[in-house]
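Only one structure is covered here, and it is reproduced in the block below.
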Amino acid sequence: MYDEYLEVFSGSRFYRVYTPHTLFIRDLITLMNMCYKEQHPDE
């Protein structure tokens, strides 16, 4: 996470998300990952 953007890694690719709301996006991705892990506990 940086001041103007955050980097999102997915497999072997990464994406830069430019936004003034980096903390909000980071928290949203964290929540999505938590939900995925609950749905797929064996992975």
Fill in the blank from the handout: Going through the stretch 2-24 in order, the residues found to be out of contact with any strand residue (DSSP E or B) (no Cβ under 7 Å at 6 or more places or on another chain), assigned to a strand (DSSP E or B) and modelled with pLDDT of 90 or more are Arg13
Practice task
List every residue pair whose Cβ atoms lie under 6 Å apart, where the two residues are 6 or more positions apart in sequence or sit on different chains, the first residue falls within the stretch 1-22 and is within 16 Å of Asn33 (Cα to Cα), and the second residue, located anywhere, is loosely packed, with under 10 Cβ neighbours inside 10 Å and modelled with pLDDT of 85 or more.
Solution key: Glu7/Phe14
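The values are calculated or read from the model by the stated rules, or taken from the named source; none is laboratory data. Just so we're clear, the structure is a prediction, and the values are computed from it rather than from any experiment. Neighbour counts are summed over all protein chains in view; Cβ atoms, including those assigned to glycine, are modelled from backbone coordinates with ideal geometry.
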